[in-house]
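Have a look at the structure below before the remarks.
The values are calculated or read from the model by the stated rules, or taken from the named source; none is laboratory data. These numbers come from a predicted model, not from an experiment. FYI the Cβ positions are ideal-geometry reconstructions off the backbone, even for glycines, and counts take in every protein chain you see.
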Amino acid sequence: MDFKTILKEVYTDLLQTKSNGQPASYIPELANIDPDKFGMHYCSVNGEHYGLGDHQEKFSVQSIIKVISLCLAFKTEGVKIWKRVGVEPSGTPFNSLVQLEHEQGIPRNPFINAGAIVICDILLSQLDKPKEEFLNFVNQLALNSTIQYNPKIAASEKDHGYRNAALINMMKSFGNIENPIEDVLDFYYDICSIEMTCEELAQTFQLFANNGCIPSSKERVITTSQSKRINAIMQLCGFYDEAGEFSFKVGLPGKSGVGGGIVAIHPGEYTVAVWSPRLNKKGNSYKGIQALEMLTTKSELSIF
Ligand code: GLN
């Protein structure tokens, strides 16, 4: 399969297409971005890399990082984490409050905000220097040492994070948060503020295409079973109340963020990252989904 040609066709087609939607504005700092940025990067497990457009420009990865925080929590704490967060699709928006009271403060999955906040609480209890160790982990997966937090974005989100504050207070009332609320939210905003390029994201997610082992360094990070399970959660929960639509159109596990990024994984084959900041109503990148739909349709390869 000639992915280089397919990627180029997809990119050229979509570059000329006007995208609907706007960048996220509920985090004011994210609204300052040029909405028409567009980049794609493909990375096979055999080490082939192709990138196009703004694929080497850093952007705010936001919820994409929730896969990496889950990975670190699953690696360090094992199956105990599933007592505090579920693995079911939510069918609700990423920042929704409605299920949480019904379900006694146990979030449906680790990719909606409530679930990611619980994972942050677990990491805070587990790690000696959470901020530093988490960033080291990201850089270890990315085979890179330039990835950083963006304090301006974290502060901007903190100033407007009323919903996340509501979610964590509700969970604390049910006994599902151990650490002080302020500390957990600060850590959550920090990890969401991490900036990466499409190239770095495609590299960072390689272990999920290779049963938990980084293909180029041969380093095992998590077990095969843990890797398959994280992919299953991405497939079912990676796009919130658009997870079914993404499975239907794209047919790969993946994760989006309100910075306009999406990473998708074809286990055993490749990872691909797309960035286009204009979002649809579900908070997922318009053009990002279109690009991935075209990629798996043209290549006739998905997990199905
Ligand atoms: N940091 C964002 C929030 O908490 C992440 C949301 C997202 O990317 N879907 O709202």
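Quick check on Pro277: is it at pLDDT 95 or above and within 16 Å of the ligand (Cβ to nearest atom)? For Pro277, the condition - at pLDDT 95 or above and within 16 Å of the ligand (Cβ to nearest atom) - is met.
Just a yes or no: is a residue in the stretch 50-58 buried (at least 23 other Cβ atoms within 10 Å of the Cβ), more than 19 Å from Ile147 (Cβ to Cβ) and more than 16 Å from the chain's Cα centre (by Cα)? Looking through the stretch 50-58, none of the residues is buried (at least 23 other Cβ atoms within 10 Å of the Cβ), more than 19 Å from Ile147 (Cβ to Cβ) and more than 16 Å from the chain's Cα centre (by Cα).
The set of residues from the stretch 240-280 being among the charged types (D, E, K, R) and under 19 Å from Asp34 (Cα atoms) comprises just one member, Arg278. Candidates in the stretch 1-26 are the residues that are aliphatic (A, V, I, L, M) and in a helix (DSSP H, G or I); of these, the one that is nearest to the ligand (Cβ to nearest atom) is Leu14.
The set of residues in the stretch 24-49 being crowded, with 19+ Cβ neighbours inside 10 Å and either more than 14 Å from Val258 (Cα to Cα) or touching a Leu at 6+ places or on another chain (Cβ under 6 Å) (or both) consists of Ala24, Phe38, Gly39, Met40, His41, Tyr42, Cys43, Ser44, Val45.
Listed by position, the helices (runs of 4 or more DSSP H) contained in the stretch 206-304 that have at least 1 residues being of a type in the set (A, V, I, L, M) and closer than 26 Å to Glu157 by Cβ are 224-237, 243-249, 286-299.
In the set (1) of a type in the set (D, E, K, R); (2) more than 30 Å from Asn176 (Cβ to Cβ); (3) in a helix (DSSP H, G or I); (4) within 19 Å of the chain's Cα centre (by Cα), Lys66 fails one condition alone, (2). Out of the stretch 148-203, which residues are buried (at least 20 other Cβ atoms within 10 Å of the Cβ), of a type in the set (D, E, K, R) and either more than 19 Å from the chain's Cα centre (by Cα) or within 13 Å of the ligand (Cβ to nearest atom) (or both)? Result: Glu157, Asp190.
Evaluated against (1) buried (at least 24 other Cβ atoms within 10 Å of the Cβ); (2) in contact (Cβ under 8 Å) with a residue 60 or more places away in the chain; (3) under 15 Å from the mean Cα position of the chain (by Cα), Ala232 falls short on exactly one condition, (1). Pairs meeting the criteria (first residue in the stretch 41-57 and in contact (Cβ under 8 Å) with a residue 60 or more places away in the chain, second residue crowded, with 20+ Cβ neighbours inside 10 Å and part of a loop (DSSP other than H, G, I, E, B), beta carbons under 8 Å, at least 6 apart or on different chains) are His41/His55; His41/Thr197; Val45/Asn210; Asp54/Phe38; His55/Thr197; Gln56/Thr197; Glu57/Thr197. Any residue that is under 17 Å from Met196 (Cα atoms), under 16 Å from the mean Cα position of the chain (by Cα) and more than 16 Å from the ligand (Cβ to nearest atom) - is there at least one of those in the stretch 27-40? There is at least one residue in the stretch 27-40 that is under 17 Å from Met196 (Cα atoms), under 16 Å from the mean Cα position of the chain (by Cα) and more than 16 Å from the ligand (Cβ to nearest atom). Residues considered: Ser145, Ser96. Of these, the only one that is free of Cβ contacts under 8 Å to residues at least 24 places away in the same chain, out of contact with any Asp or Glu (no Cβ under 8 Å at 6 or more places or on another chain), within 16 Å of the ligand (Cβ to nearest atom) and over 16 Å from Val67 (Cα atoms) is Ser96. Among the residues that make up the stretch 288-299, is at least one of them within 15 Å of the ligand (Cβ to nearest atom) and either under 26 Å from Glu195 (Cβ atoms) or in contact (Cβ under 8 Å) with a residue 40 or more places away in the chain (or both)? The answer is yes, given that some residue of the stretch 288-299 is within 15 Å of the ligand (Cβ to nearest atom) and either under 26 Å from Glu195 (Cβ atoms) or in contact (Cβ under 8 Å) with a residue 40 or more places away in the chain (or both).
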